[in-house]
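K.L.:
Below you will find the structure I want to go over with you.
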Amino acid sequence: MNAALNPVASPHVMNTYGRLPIAMSHGRGCRLWDTNGKEYLDALGGIAVNTLGHGHPKLVPALQDQIAKLIHSSNYYHVPNQEVLAQMLVERSGMTNVFFCSTGLEANEAALKLARKYGHDKGIERPEIVVYEKAFHGRSIATLSATGNPKVQAGFGPLVEGFIRVPLNDMEALKNATAGNPNVVAVFFETIQGEGGINPMRAQYLKDVRALCDANDWLLMIDEVQCGMGRTGKWFAHQWAGIVPDVMPLAKGLGSGVPIGAVVAGPKAANIFQPGNHGTTFGGNPLAMRAGVETIRIMEEDGLLENAARVGEHLRAALEKGLAGKPGLKEIRGQGLMIGIELTKPCGALTQRAADAGLLLSVTADSVIRLVPPLIMSTAEADEVAGILLPLIHAFLAE
């Protein structure tokens with residue numbers, strides 16, 4: 001059959017994804033419809049991207065307006081909304097300035113370059129960066145090297161050198177791994193690991209790492225690509241610990257589906273990059289900047305940080321109640337609308353079974369069901385998620 005007539009076949013597209021046999025046609029709020037007209041409740045949000053859900057009545061006209069005016073102009077010129085969005089991010093993060101790019105990978109790559117240049121500026125010839133087990137920072141050669149997943153690294157060696165890997169939430173391990181090493185320049189991690197299985201850094205650990213970085217003049221670099229932008233009920237997940245990083249990559253939810261990435265820098269990192277040190281063609285284009293500005297504006301107008309905290313707590317409570325004492329459940333963890341349900345066995349099959357039942361989710365780290373729905377989700381929709389998902393988990397664990 002011609003691919004044009006068969007929306008779930010893509011023979012001319014590189015086979016890089018284990019796709020479900022579904023193609024989406026349109027969406028509204030937390031609902032999506034496929035090309036056959038089947039309806040789904042979206043608990044994946046385009047993998048934590050569709051902050052405002054689908055077809056948001058305030059976002060759509062703003063983007064239509066921007067497309068009619070200017071989509072791209074290049075960074076040879078000032079882009080006024082870059083300054084508007086940068087100021088919004090600086091005010092909400094307590095940091096200093098911003099570099100705009102197009103993806104989370106690019107934001108993390110820029111952070112790694114910042115750390116290396118920071119080291120070179122201090123006279124360190126071979127700078128080293130502390131990274132974490134189970135981390136995921138992207139699929140370029142450098143971000144892949146920083147990632148803590150041997151599966152996604154396999155076949156792409158030699159990896160980039162200059163990384164020291166430590167376990168999560170273990171201060172002694174971090175101190176031991178860096179003791180007496182004059183080449184360390186930065187510590188780099190996700191506040192809550194996404195692809196690694198929704199693994200949160202403990203608040204006290206975050207405070208201790210901030211203090212260790214200060215004591216050693218290292219950069220504290222926090223990847224908020226997936227857990228940032230209001231997902232946990234604060235603008236950035238590290239804010240629950242009352243700390244401020246030196247470098248913070250963002251992407252995913254910042255543009256509600258329009259590709260956008262950002263690196264927010266504090267005073268220690270604000271002036272490391274000078275003209276010619278780093279750049280991008282698409283990053284910071286007028287369309288992406290408008291999407292970011294409108295996303296933040298709508299999030300505040302509609303109280304979506306509070307909503308994420310409230311609905312996330314409601315959903316988690318429903319899941320905990322429905323799975324209490326269930327053999328085969330390891331742990332439910334996360335914060336706000338970023339929830340992981342870890343089972344004692346691989347559960348990739350649940351992605352298709354949930355879709356069959358009209359629910360979109362993903363399975364990450366083999367055995368963790370990941371829920372990262374749009375931040376507009378209501379408690380009624382959260383109840384619906386639990387109502388579909390719990391019987392599926394019960395049936396799966398009984399097999």
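K.L.:
When DSSP beta bridges are limited to those with both residues in the chain, what percentage is antiparallel, rounded to the nearest 5? Provide the component values of the computation, followed by the final result.
P.N.:
Details: 32 of 47 bridges.
If I count the DSSP bridges inside the chain, around 70 percent turn out antiparallel.
K.L.:
Can you find, among GLY123, PRO7, SER73, the residue sitting farthest towards the positive end of the charge dipole of the chain, where Lys and Arg contribute +1 and Asp and Glu -1 at Cβ?
P.N.:
Toward the positive end, the furthest listed residue is PRO7.
K.L.:
Quick check: net charge around ALA365, other residues with Cβ under 14 Å of its Cβ, Lys/Arg +1 and Asp/Glu -1?
P.N.:
Once positives and negatives cancel, what remains is 0.
K.L.:
Find how many whole Å separate the alpha carbon centroid of region 315-361 from the alpha carbon centroid of region 117-180.
P.N.:
30 Å
K.L.:
Please turn the phi angles of region 222-229 into ³J(HN,Hα) values with the Karplus equation 6.51 cos²θ - 1.76 cosθ + 1.60 (θ = phi - 60°), one per residue in order, whole Hz, x for glycine and proline.
P.N.:
Calculated HN-Hα couplings, in order: 10, 7, 10, 4, 9, 8, x, 6 Hz.
K.L.:
Using amide H atoms built 1.01 Å from N in the peptide plane, name the residues 5+ places from GLU331, or on other chains, whose amide H lies under 5 Å from its own.
P.N.:
So GLU331 has HN proximity to GLU342.
K.L.:
Less than 11 Å Cβ to Cβ from GLY104, Lys/Arg counted +1 and Asp/Glu -1: what total charge do the surrounding residues give? Before the final figure, lay out each step's value.
P.N.:
Numbers: positive: ARG139, LYS252; negative: GLU106, GLU109, GLU190, GLU195, ASP223, GLU224.
Net of charged neighbours comes to -4.
K.L.:
What are the residues whose amide H is under 5 Å from the amide H of GLU190, where those residues sit 5 or more places off or on another chain and H is modelled from the backbone?
P.N.:
Residues meeting the amide H criterion: ASP223.
K.L.:
For region 293-364, with all protein chains present and a 1.4 Å probe, just round the carbon and sulfur fraction of the accessible area to a whole percent. Don't skip to the end; give the middle numbers.
P.N.:
Numbers: 1470 of 2920 Å².
Exposed carbon and sulfur together represent 50 percent of the surface.
K.L.:
At 1.4 Å probe radius, can you tell me the per residue accessible area of region 297-399 in Å²?
P.N.:
39 Å²
K.L.:
Mind listing the Cα extents of region 93-171 along all three principal axes, in Å, largest one first?
P.N.:
Computed over region 93-171, the largest-to-smallest principal extents equal 36, 31, 28 Å.
K.L.:
With a 1.4 Å probe and all protein chains kept in place, how much accessible area does THR16 have, in Å² rounded to the nearest 10?
P.N.:
90 Å²
K.L.:
Which listed residue (ALA380, GLY196, GLY348) has the Cα farthest towards the positive end of the charge dipole for the chain, taking +1 on Lys and Arg C-beta and -1 on Asp and Glu C-beta about the Cα centre?
P.N.:
Of the candidates, GLY348 comes out farthest on the positive side.
K.L.:
Tabulate in residue order the Karplus-calculated ³J(HN,Hα) for region 361-366, using 6.51 cos²θ - 1.76 cosθ + 1.60 with θ = phi - 60°, rounded to whole Hz; enter x for Gly and Pro.
P.N.:
Rounded to whole hertz, the list is 8, 9, 10, 10, 6, 6.
K.L.:
log₁₀ I(q)/I(0) of the chain at q = 0.07, 0.09, 0.13 Å⁻¹, via Debye over equal Cα point scatterers, no solvent, to two decimals?
P.N.:
Values returned for q = 0.07, 0.09, 0.13 Å⁻¹ are -0.32, -0.54, -1.15.
K.L.:
Give me, ordered by chain and number, the residues 5 or more places off ILE164 or on other chains with an amide H under 5 Å from its own placed amide H.
P.N.:
ILE129, VAL130, VAL131
K.L.:
What's the carbon and sulfur percent of region 58-155's accessible surface, probe 1.4 angstrom, rounded to a whole number?
P.N.:
Carbon and sulfur atoms account for 57 percent of the accessible area of region 58-155.
K.L.:
Between SER378 and ALA68, what FRET efficiency comes out of the Förster formula 1/(1 + (r/R0)^6) with R0 = 30 Å and r the beta carbon distance, rounded to 0.05?
P.N.:
Details: r = 32 Å, r/R0 = 1.08.
Rounded to the nearest 0.05, the efficiency is 0.40.
K.L.:
Please list, in order along region 300-306, the HN-Hα scalar couplings obtained from phi with the Karplus expression 6.51 cos²θ - 1.76 cosθ + 1.60 (θ = phi - 60°), rounded to whole Hz, x for Gly and Pro.
P.N.:
Values per residue, Gly and Pro as x: 6, 4, 9, x, 6, 5, 4 Hz.
The values are calculated or read from the model by the stated rules, or taken from the named source; none is laboratory data. Predicted model, so just to flag it, every value in this text is computed and none were measured. Counting neighbours? That spans all protein chains shown, and the Cβs are built from the backbone with ideal geometry, glycine included. To get the accessible areas, we keep the full protein, side chains included, count just its heavy atoms, and leave off ligands, DNA and RNA. Shrake-Rupley method; radii C 1.70, N 1.55, O 1.52, S 1.80 Å.
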